[in-house]
Amino acid sequence: MTSPSHTPDRGGGDGDSVENQSPELRKDPVINRWVIFSPARAKRPTDFKSKSPQNPNPKPSSCAFCIGREQECAPEIFRVPDHDPNWKLRVIENLYPALSRNLETEAKQGETGTGRTIVGFGFHDVVIESPVHSIQLSDIDPVGIGDVLIAHKKRIDQIAQHDSINYIQVFKNHGASAGASMSHSHSQIMALPVVPPTVSARLDGTKDYFDETGKCCLCEAKSKHFVIDESSHFVSVAPFAATYPFEIWIIPKDHSSHFHHLDDVKAVDLGGLLKLMLQKISKQLNDPPYNYMIHTSPLKVTESQLPYTHWFLQIVPQLSGVGGFEIGTGCYINPVFPEDVAKVMREVSLT
């Protein structure tokens with residue numbers, strides 16, 4: 001996450017000229033890929049705004065996620081509070097799942113002879129984060145956001161009982177251009193029978209850093225140039241080799257490999273910091289569409305891997321598209337240095 005060597009403060013104030021900043025390549029050991037920082041391709045960091053802000057959230061004539069329309073949804077898994085018609089959140093099956101939870105018996109038969117195909121067994125669930133259509137996640141208080149996070153944890157604990165599942169991804173798409181097909185606030189959980197390549201690359205990268213330094217690179221993330229805010233148990237940072245402009249990570253201060261080991265107290269603490277970051281992003285960047293992803297360790301991570309596996313939450317505002325260079329090389333171009341992002345975001349006032 002952070003560079004072993006000291007990185008000079010690049011400033012980022014209104015008086016600075018991006019033309020005076022030289023391009024730089026940085027490799028992040030967490031994501032395990034190179035990023036090109038090319039500030040001359042962009043305006044000043046303080047001028048970044050979403051070109052397609054998330055529009056106000058008008059209630060459509062029929063939204064199946066709204067309270068009172070529960071029978072129009074896919075089957076419910078659980079709700080909070082339990083069995084209460086005045087629920088705060090619901091976890092349901094996805095009506096159009098990417099994987100099938102009905103194929104587990106076949107999945108246990110293993111791979112085909114070529115090893116290139118396995119049965120599409122898995123889980124794809126939706127967490128409806130509020131009964132009210134107009135309420136977004138950033139409108140909910142820290143305790144309520146903590147409830148959402150604990151619902152993710154509870155569902156992961158349930159899914160982890162299936163031996164065929166190897167990785168569980170929690171993610172949120174906010175805004176149509178960020179992939180949200182429903183405007184009612186919700187997040188999703190996908191459980192896979194394989195470990196995805198990005199997760200494997202993350203394990204390789206963090207292992208290499210640990211082998212070289214004897215330290216977890218995410219535990220090393222508290223460089224003063226990159227910290228935005230912190231709570232009792234978490235810190236928010238602009239990552240050293242951020243793939244995307246104004247990308248933010250929220251990292252547990254204590255070394256922890258699995259998100260689903262989160263307890264109630266830390267869930268509320270994380271809820272408060274997540275709320276703060278989403279509010280700052282909205283104010284500074286003109287309410288952009290965004291994605292967040294919880295990057296945790298594979299369920300079957302070994303004891304020897306625990307010292308260098310550390311979960312974190314990644315927030316990516318949708319400010320720029322991906323072009324042919326990025327698709328072709330897997331190497332991204334970021335027009336704003338994370339030092340400048342951290343400075344700008346620290347100074348955002350919500351009063």
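The values are calculated or read from the model by the stated rules, or taken from the named source; none is laboratory data. Model, not experiment: these values are computed from the prediction. Reconstructed Cβ throughout: ideal geometry from the backbone, glycine too, with neighbour counts over all protein chains shown. For accessibility, only protein heavy atoms count, side chains too; no ligands or nucleic acids. Shrake-Rupley method; radii C 1.70, N 1.55, O 1.52, S 1.80 Å.
Looking at this structure, is residue 126 outside any loop (DSSP other than H, G, I, E, B) and open to solvent by less than 10 Å² (accessible area, probe 1.4 Å)? Considered against the rule, which asks whether it is outside any loop (DSSP other than H, G, I, E, B) and open to solvent by less than 10 Å² (accessible area, probe 1.4 Å), residue 126 comes out as yes.
Suppose the filter is part of a loop (DSSP other than H, G, I, E, B), among the polar types (S, T, N, Q) and closer than 22 Å to residue 168 by Cβ; does residue 297 pass it? Spelling it out, residue 297 is indeed part of a loop (DSSP other than H, G, I, E, B), among the polar types (S, T, N, Q) and closer than 22 Å to residue 168 by Cβ. Screening the range 214-255 for residues that are modelled with pLDDT of 95 or more, surrounded by fewer than 20 Cβ atoms within 10 Å (Cβ to Cβ) and of a type in the set (Ser, Thr, Tyr) and picking the one that is farthest from the chain's Cα centre (by Cα) gives 232.
Is it true that some residue in the range 286-302 is more than 28 Å from residue 166 (Cα to Cα), open to solvent by 30 Å² or more (accessible area, probe 1.4 Å) and at pLDDT below 95? If you could, list the steps in order and put the result at the bottom.
Taking the range 286-302 as the starting set, the residues that turn out to be more than 28 Å from residue 166 (Cα to Cα) are 286-289.
With the extra rule that they be open to solvent by 30 Å² or more (accessible area, probe 1.4 Å), the set shrinks to 286-287.
Next cut, at pLDDT below 95 only: 286-287.
Yes: one or more hits.
Answer yes or no: is there a residue in the range 135-157 that is in a loop (DSSP other than H, G, I, E, B) and either more than 17 Å from residue 267 (Cα to Cα) or modelled with pLDDT under 95 (or both).
yes
For residue 162, the stated conditions hold: it is within 20 Å of residue 302 (Cβ to Cβ), assigned to a loop (DSSP other than H, G, I, E, B) and not charged (D, E, K, R). Residues in the range 308-320: is at least one assigned to a helix (DSSP H, G or I) and touching a His at 6+ places or on another chain (Cβ under 6 Å)? Within the range 308-320, not a single residue is assigned to a helix (DSSP H, G or I) and touching a His at 6+ places or on another chain (Cβ under 6 Å).
Take residue 312 and tell me if it is of a type in the set (Phe, Trp, Tyr), within 17 Å of the chain's Cα centre (by Cα) and on the phi < 0 side of the Ramachandran plot. Working first, answer last.
Numbers: of a type in the set (Phe, Trp, Tyr): yes; within 17 Å of the chain's Cα centre (by Cα): yes; on the phi < 0 side of the Ramachandran plot: yes.
Spelling it out, residue 312 is indeed of a type in the set (Phe, Trp, Tyr), within 17 Å of the chain's Cα centre (by Cα) and on the phi < 0 side of the Ramachandran plot.
Any residue in the range 310-322 that is closer than 17 Å to residue 287 by Cα sitting within a Cβ distance under 6 Å of a residue that is open to solvent by 30 Å² or more (accessible area, probe 1.4 Å) and in a loop (DSSP other than H, G, I, E, B)? List the pairs, counting only those 6 or more apart or interchain. Cβ pairs passing all conditions: 316/244.
Note on the range 28-47: residues that are open to solvent by less than 90 Å² (accessible area, probe 1.4 Å) and modelled with pLDDT of 65 or more amount to 12. Applying the selection to the range 178-211, what residues are in a loop (DSSP other than H, G, I, E, B), surrounded by fewer than 18 Cβ atoms within 10 Å (Cβ to Cβ) and on the phi < 0 side of the Ramachandran plot? Passing the criteria: 181, 182, 194, 195, 196. Taken as a whole, the condition of being closer than 30 Å to residue 139 by Cβ and at pLDDT below 95 does not apply to residue 190.
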